[in-house]
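The values are calculated or read from the model by the stated rules, or taken from the named source; none is laboratory data. This one's a predicted model, so the numbers in the text were calculated from it and none came from an experiment. In this analysis, Cβ positions are derived from the backbone assuming ideal geometry, glycine residues included, and neighbour counts consider all displayed protein chains.
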Amino acid sequence: MNTAVVSHALMQITPRPELVFVRGAGARLVDDAGRSYLDWVQGWAVNSLGHSPAVVVEALAQQAARLINPSPGFYNQPALDLAARLCAHSCFDQVFFTSSGAEANEGAIKLARKWGRVYKGGAHEIITFSNGFHGRTLATMAATGKAGWDRLFAPAMPGFVKARYNDPDSVRALIGPQTVAVMLEPIQGEAGVIAAAPGFLQALRALCDEHGLLLIVDEVQTGCGRTGTLFAHEHDGVRPDIMTLGKGIGGGVPLAALLARESVCCFEYGDQGGTYCGNPLMCAAGLAVMQSLARADFLARVNTLGEQLAMGLRRLSQRFGLGEVRGRGLLLALVLSRDLGAEVVLQARERGLLLNSPRPDLLRFMPALNSTHAEIEEGLELLGGVLQQHF
């Protein structure tokens, strides 16, 4: 394929290497030259079961032959079944399906503001966190704590104030009469895989209960088994009021979800919607993914693989004098001692390993949840070969 033609026709929103991927299976991608790559990005944690998993392919094929989209103005069975499964395996009572995590987070913001108008005298302000990431719509960019984002498409949407992550006192200091909710990621992925400290989520739950606020967890990256539990907030034993899911729930297709407890569900007819929201094709894929995650020992194996990867990264860190290994399950990061992330990513790709560097001094790892022990060892060996060139 002529990549020059492709690159000219596609809007340039990110630097892309001069290769075109044509197929994938499990942990691997293959480019148009026939070269295979071990993929530890997996669409930024989207492909929870790897590339083109059979259960998702079969679910899509069967559903596509039956019904693709009757419109969100009607019920369809896959949406009903997936919503019921999500509620049965969480503390939430109702689900609204979307096509992306940003759209789910936008819905969470709308729901919190509507709840504040109905039950809290018009309160609308949401406390979010520095270095947090919630999406690329105007509202979710305003909620995001990424440096400089408030100026990219100014003026930024008002109604968001930023606390310091893992600092409950900074949250308390921002609570006022217009505060309606606290919104955070259980692990800040784009910030470099920064996990909530022990007790932080419990402290936020207590603050929200004390002041009558909603606790919103953005589990777009951490949900659906990524951290070794079905949802990351389960590690901390808290019950949020609202949760968003995305990425891994669709196993590679555009599906996300907004979940809420019944006491929070105050949308009226016309408040929320979307042409593709809850379509049976995507929900059939999501149902196949959730059924796979529910298999005996699946999450236990994620934890085992995560510990294997973490131990291997610690060995590499010790060998080359690098920094800490952070994260949970199969969402991990390795801190480098210098700003070499982009260079390591490039050289790893040349060796057949796909990596991600969300910060200049850090690598992030998001392998498929059903990776094999051999694939984890292969990736560690390839990574070691790259690091040896620099440290």
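Some points to look at:
- The number of residues in region 211-267 that are surrounded by fewer than 20 Cβ atoms within 10 Å (Cβ to Cβ) and free of Cβ contacts under 8 Å to residues at least 40 places away in the same chain comes to 4.
- Just so you know, in region 325-336 the residues that are under 12 Å from Leu363 (Cβ atoms) and not basic (Lys, Arg) include one that is surrounded by the most Cβ atoms within 10 Å (Cβ to Cβ), and it is Leu334.
- Residue identified as under 26 Å from Pro168 (Cβ atoms), at pLDDT below 95 and aliphatic (A, V, I, L, M) among Ala147, Ala143, Ala108, Ala123: Ala147
- Residue satisfying condition, being surrounded by 20 or more Cβ atoms within 10 Å (Cβ to Cβ) and hydrophobic (A, V, I, L, M, F, W, C), within set Ala300, Ala374, Ala368, Ala294: Ala368
- Considering only residues in region 335-372 that are in a strand (DSSP E or B) and touching an Asp or Glu at 6+ places or on another chain (Cβ under 8 Å), the one that is nearest to Gly312 (Cα to Cα) turns out to be Val335.
- Residue list for region 255-311, filter: of a type in the set (Lys, Arg) and either closer than 17 Å to Arg226 by Cβ or in contact with a Lys or Arg (Cβ under 6 Å, 6 or more places away or on another chain) (or both): Arg295, Arg301
- Inside region 176-200, residues that are within 27 Å of Asp361 (Cβ to Cβ), surrounded by fewer than 22 Cβ atoms within 10 Å (Cβ to Cβ) and over 14 Å from the mean Cα position of the chain (by Cα) make up a count of 3.
- Gln308 meets the stated requirement of being modelled with pLDDT of 95 or more, surrounded by fewer than 18 Cβ atoms within 10 Å (Cβ to Cβ) and among the polar types (S, T, N, Q).
- Sub-6 Å Cβ pairs linking a first residue in region 12-38 that is closer than 15 Å to Glu350 by Cβ to a second residue that is modelled with pLDDT under 95 and among the hydroxyl-bearing types (Ser, Thr, Tyr), at least 6 apart or interchain, are Glu18/Thr3, ordered by first then second residue.
- Subset tally (residues that are surrounded by 15 or more Cβ atoms within 10 Å (Cβ to Cβ), among the small types (Gly, Ala, Ser) and within 18 Å of Ala232 (Cα to Cα)) for region 67-101: 2
- Some residue of region 187-196 being at pLDDT 95 or above and in contact with a Cys (Cβ under 8 Å, 6 or more places away or on another chain): no
- Exactly one residue out of Leu60, Leu111 is surrounded by fewer than 22 Cβ atoms within 10 Å (Cβ to Cβ), under 22 Å from Val220 (Cβ atoms) and either among the β-branched types (Val, Ile, Thr) or in contact (Cβ under 8 Å) with a residue 24 or more places away in the chain (or both), and it is Leu60.
- Among the candidates Ser48, Ser100, Ser36, residue that is within 20 Å of the chain's Cα centre (by Cα), assigned by TED's automatic domain parsing to the domain that holds Gly306 and under 30 Å from Gly379 (Cβ atoms): Ser48
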